[in-house]
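Okay, so here's the structure we're looking at.
The values are calculated or read from the model by the stated rules, or taken from the named source; none is laboratory data. This one's a predicted model, so the numbers in the text were calculated from it and none came from an experiment. All Cβ positions, glycine included, derive from the backbone under ideal geometry; neighbour counts span all protein chains shown. Heads up: the accessible areas ignore ligands, DNA and RNA and are worked out on the full protein's heavy atoms, side chains in. Shrake-Rupley method; radii C 1.70, N 1.55, O 1.52, S 1.80 Å.
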Amino acid sequence: LGGIAVNVAHIYEQMGDAEAALSALERGKAATDHLRAPPAYEPQLLIRLRSVQAALQEDPAERRYIKPSYEDAIEAARQTADPNAEALAWHLLGQEEMAAGNLEDAEAALGQALRLRTSNAPENLGFSYAALGALRLAQANRASGEERHRRAKEAEVLTQRAIGLGSPGPPLSTLLHERGQIREALGQPSLALEDFRSAVNKAIEWSGAVPPARSLLTGANVALQHEIFDSFVEAAARQA
């Protein structure tokens, strides 16, 4: 039942119905709770459950409440010797911490995901480099002077690595938008505008090629596309 729940939830996610996905995963979790030993798929069930829960939460306080659940997924991945699942759980926890503004905790979690992927899943390093690039940018935006410039340069290097690795990884539109923000922080408005323009073009291509409901975070992706367009418009206005 637990394994079936993971697949059923994935179908609901493809349909864009996160509420139904959550219901299926909760039933699957209830079924596995009765087992004497955790099944091999338990980390994936827990990670998907926590991701759906986080996607449905808009209140930052409620999102912070989900943190122990990611830690449960991390422990389950360790017990089943699944470093790929553990890396994903650390990665998602890091993103939750960053969204909550806890940059030090985010760095610790994302660093752990990077170490696990370096050793066990190098094909997924693009996700780690992109997330760490976004973290360095957030740190740069909190700093000033030489510290701000240094953090922004580190962000640029990490994001460029993610772009260079290609797929699998975040959409190119996301990476180009991130690099544009970094270049703005570095005082390079012309290069930033170029990146924002390219990000808009890639976002349009992606929207035409991929059905939005294929993504669990459909709402987040729509919001991100709005942010990409807004960044381009604002940068163009400043240049004008």
Residues being without any contact (Cβ under 8 Å) to a residue 40 or more places away in the chain, charged (D, E, K, R) and closer than 18 Å to Ile74 by Cα - total across the range 27-50: 2
Leu135 vs. criteria of a type in the set (A, V, I, L, M, F, W, C), open to solvent by 10 Å² or more (accessible area, probe 1.4 Å) and not in a loop (DSSP other than H, G, I, E, B): no
Checked pairs for the range 149-160, first among the aromatic types (Phe, Trp, Tyr), second surrounded by fewer than 21 Cβ atoms within 10 Å (Cβ to Cβ), C-beta under 7 Å and 6 or more apart or across chains, list as none
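Kindly state which helices (runs of 4 or more DSSP H) lie completely within the range 12-107 and contain at least 3 residues that are within 21 Å of Phe127 (Cα to Cα) and at pLDDT below 80.
42-56
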Does Ala113 count as touching a residue at least 40 places away in the same chain (Cβ under 8 Å), small (Gly, Ala, Ser), open to solvent by less than 30 Å² (accessible area, probe 1.4 Å) and in a helix (DSSP H, G or I)? no
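Per-residue answers, yes or no, for (1) part of a loop (DSSP other than H, G, I, E, B); (2) crowded, with 19+ Cβ neighbours inside 10 Å; (3) modelled with pLDDT of 95 or more; (4) of a type in the set (A, V, I, L, M):
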{"residue": "Glu156", "(1), (2), (3), (4)": "no, yes, yes, no"}
{"residue": "Ser167", "(1), (2), (3), (4)": "yes, no, no, no"}
{"residue": "Ser173", "(1), (2), (3), (4)": "no, yes, no, no"}
{"residue": "Gly187", "(1), (2), (3), (4)": "yes, no, no, no"}
Taking Ser119 as the residue in question, decide whether it is open to solvent by 60 Å² or more (accessible area, probe 1.4 Å), more than 18 Å from Arg50 (Cα to Cα) and not in a helix (DSSP H, G or I). no
Screening Glu178, Glu227 for residues that are surrounded by fewer than 21 Cβ atoms within 10 Å (Cβ to Cβ), under 17 Å from the mean Cα position of the chain (by Cα) and modelled with pLDDT of 80 or more leaves only Glu227
Against the definition (without any contact (Cβ under 8 Å) to a residue 24 or more places away in the chain, open to solvent by less than 10 Å² (accessible area, probe 1.4 Å) and either farther than 15 Å from Glu75 by Cβ or of a type in the set (D, E, K, R) (or both)), how does Ala24 come out, yes or no? yes
Criterion (at pLDDT 95 or above, buried (at least 21 other Cβ atoms within 10 Å of the Cβ) and more than 21 Å from Lys202 (Cβ to Cβ)) met by exactly one of Ala162, Ala140: Ala140
